[in-house]
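Notes for the one structure printed next.
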Amino acid sequence: MKLNVSSDAGNSLLKTMRDYTVAFNACSTWGFESHSVSKINCHNATYHNIRQSVPDLPSSLVQGARDVACESLKAIKCQFKPLRKEYSAMRYNSRVINVFLISGYATIATSDGRIKATFSIPEYYLPYLTWKIKSSTLSLRKNDDAFYLHCQLETDTPKLVPEQTVLGIDRGIVNIAVCSDNTFFNSSAVKNARSKYAHLRAELQSKGTRSSIRKLRKLSGRERRFVTDVNHCISKQIVQSPSTVFALEDLSKIRVQKRRGTEFNRKLNNWSFFELEQFIRYKAENLGKQVITVDARYTSQKCSVCGHIYKGNRHGSSFLCRNCGFELHADLNASRNISHAGISCMSRLPVNQPIVACR
């Protein structure tokens, strides 16, 4: 949400961002030098000095900067010191910000006291106005020098649909998603857009002028919004299918693949697999459906009919089983294998361990 603030309020937010940066860098420096990601130890070691350095910064924002610094160190395993830019985003909690979605305004704590900001809600988000705000992030977009408030909302999960029909979803480069019900979502539009933006980036980066840098910032936002819109449309169509359970491959280790060349690795690591999965998850949960992840190994090599696993079964986009002769599109065969794995996963009932009395 774009915030409408006065010039004085905007200056207060900029000052708060600078103070927040001081607190973050102090915590990250201590954590890196101490090789520790403990929030408690970091608080005991840095809080007093931070309060002296930035006395006007609210204590909750000091603690928020500490938490973000420790989480950043934990993510990179303290291999290097994360440094925050002067006007990067700030994390807010309910004690330092009050957001009234229905009324369209928020009161925000800053280094100069509380300020009031107004905003307008797009029509698309109207169904979520009654949801509870879990956390908020305030950011400054340099393209238009405007402040934006990003809110994470939550609500009670609807009751799950009793009937369980599993839909397997295979995600890939050529096809963004292929479902086991024979639905294909082609990635040609996304690939063309990414290629266009990659070409423009290369030309602008070679110039290196101020105007080219400003243009690069605009291009990055356009590309990101385009891909996000495509993922929203695909995920919405998937969750509205008759299926009640959606099985996805666990692709958390996909970035370790380095055998197919630099160009393929660039496409693979720039693909928005995780974003599509997140959209499917929250949209499915809102409809009382659920998402499960299955082992991604051999889904492309296994025959969905006889179960024969052989690397030579797949040639590009075609699949031909060397055991039974079954022939199908490779991505569709993989989605059916994912569906079978999801059905197997759903059929496993939890077993309570027996209580054994020891004498």
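The values are calculated or read from the model by the stated rules, or taken from the named source; none is laboratory data. Because the structure is predicted, anything quoted here is derived from the model rather than measured. Virtual Cβ from ideal backbone geometry, glycine too; neighbours counted across all protein chains shown. To get the accessible areas, we keep the full protein, side chains included, count just its heavy atoms, and leave off ligands, DNA and RNA. Shrake-Rupley method; radii C 1.70, N 1.55, O 1.52, S 1.80 Å.
Taking the range 135-154 as the region of interest, how many residues are in contact with a Ser or Thr (Cβ under 9 Å, 6 or more places away or on another chain), more than 29 Å from Ile213 (Cβ to Cβ) and surrounded by 12 or more Cβ atoms within 10 Å (Cβ to Cβ)?
The initial filter retains those residues of the range 135-154 that are in contact with a Ser or Thr (Cβ under 9 Å, 6 or more places away or on another chain), namely 135-136, 138-140, 147-152.
With the extra rule that they be more than 29 Å from Ile213 (Cβ to Cβ), the set shrinks to 135-136, 151-152.
Those left that are additionally surrounded by 12 or more Cβ atoms within 10 Å (Cβ to Cβ): 135-136, 151.
Residues meeting the conditions: 3.
Hey, could you check the range 112-126 for residues that are under 14 Å from Ile102 (Cβ atoms) and touching a residue at least 60 places away in the same chain (Cβ under 8 Å) and say which is most open to solvent (accessible area, probe 1.4 Å)?
Result: Ser120.
Residue-by-condition table, conditions (1) open to solvent by less than 40 Å² (accessible area, probe 1.4 Å); (2) without any contact (Cβ under 8 Å) to a residue 40 or more places away in the chain:
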| site | (1), (2) |
| --- | --- |
| Gln278 | no, yes |
| Arg281 | no, yes |
| Val291 | yes, no |
| Lys302 | no, yes |
| Tyr310 | no, yes |
| Gly325 | no, yes |
| Ile343 | no, no |
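Kindly establish whether Val62 is in contact with a Leu (Cβ under 9 Å, 6 or more places away or on another chain), within 30 Å of Thr118 (Cβ to Cβ) and free of Cβ contacts under 8 Å to residues at least 40 places away in the same chain. Working first, answer last.
Details: in contact with a Leu (Cβ under 9 Å, 6 or more places away or on another chain): no; within 30 Å of Thr118 (Cβ to Cβ): yes; free of Cβ contacts under 8 Å to residues at least 40 places away in the same chain: yes.
Here the answer is no, as Val62 does not meet what is asked.
If you check Leu57 against the conditions, is it without any contact (Cβ under 8 Å) to a residue 60 or more places away in the chain, crowded, with 20+ Cβ neighbours inside 10 Å and outside any helix (DSSP H, G or I)? Please lay out each step first, then the result.
Values: without any contact (Cβ under 8 Å) to a residue 60 or more places away in the chain: yes; crowded, with 20+ Cβ neighbours inside 10 Å: yes; outside any helix (DSSP H, G or I): yes.
Against the criterion (without any contact (Cβ under 8 Å) to a residue 60 or more places away in the chain, crowded, with 20+ Cβ neighbours inside 10 Å and outside any helix (DSSP H, G or I)), Leu57 qualifies.
Kindly check whether there is at least one residue in the range 207-222 that is outside any helix (DSSP H, G or I), of a type in the set (Gly, Ala, Ser) and at pLDDT below 75. Lay out the reasoning, then the answer.
Restricting attention to the range 207-222, the residues satisfying the condition of being outside any helix (DSSP H, G or I) are 208-209.
If we keep only those that are of a type in the set (Gly, Ala, Ser) as well, we get 208.
Checking which are at pLDDT below 75 leaves us with none.
Within the range 207-222 (the criterion being outside any helix (DSSP H, G or I), of a type in the set (Gly, Ala, Ser) and at pLDDT below 75), the answer is no, since none of the residues qualifies.
Take the conditions assigned to a loop (DSSP other than H, G, I, E, B), open to solvent by 80 Å² or more (accessible area, probe 1.4 Å) and among the polar types (S, T, N, Q) and apply them to Gln164. Does it pass?
Yes: the conditions hold for Gln164.
Any chance you could count how many residues in the range 25-54 are assigned to a helix (DSSP H, G or I) and among the β-branched types (Val, Ile, Thr)?
Kept after step one, since they are assigned to a helix (DSSP H, G or I), are these residues of the range 25-54: 25-34, 39-53.
Now restrict to residues that are among the β-branched types (Val, Ile, Thr): 29, 40, 46, 50.
Residues meeting the conditions: 4.
Being within 16 Å of the chain's Cα centre (by Cα), at pLDDT below 80 and part of a helix (DSSP H, G or I) is the filter here; which residues of the range 224-267 pass it?
Ile254, Arg255, listed by residue number.
Got at least one residue in the range 7-24 being surrounded by 13 or more Cβ atoms within 10 Å (Cβ to Cβ), of a type outside the set (D, E, K, R) and not in a helix (DSSP H, G or I)?
Let us first name the residues in the range 7-24 that are surrounded by 13 or more Cβ atoms within 10 Å (Cβ to Cβ), namely 9-24.
Right, trim to of a type outside the set (D, E, K, R) and you get 9-14, 16-17, 20-24.
Restricting the remaining residues to those that are not in a helix (DSSP H, G or I) gives none.
No, the range 7-24 contains no residue that is surrounded by 13 or more Cβ atoms within 10 Å (Cβ to Cβ), of a type outside the set (D, E, K, R) and not in a helix (DSSP H, G or I).
So which pairs qualify, if the first residue must be in the range 173-191 and under 16 Å from Phe246 (Cα atoms) and at pLDDT 90 or above, the second must be open to solvent by less than 40 Å² (accessible area, probe 1.4 Å) and of a type in the set (Ser, Thr, Tyr), the Cβ gap must be under 6 Å, and the two must be at least 6 apart or on different chains?
Val178/Ser335; Cys179/Ser335; Ser180/Ser335; Ser180/Ser339
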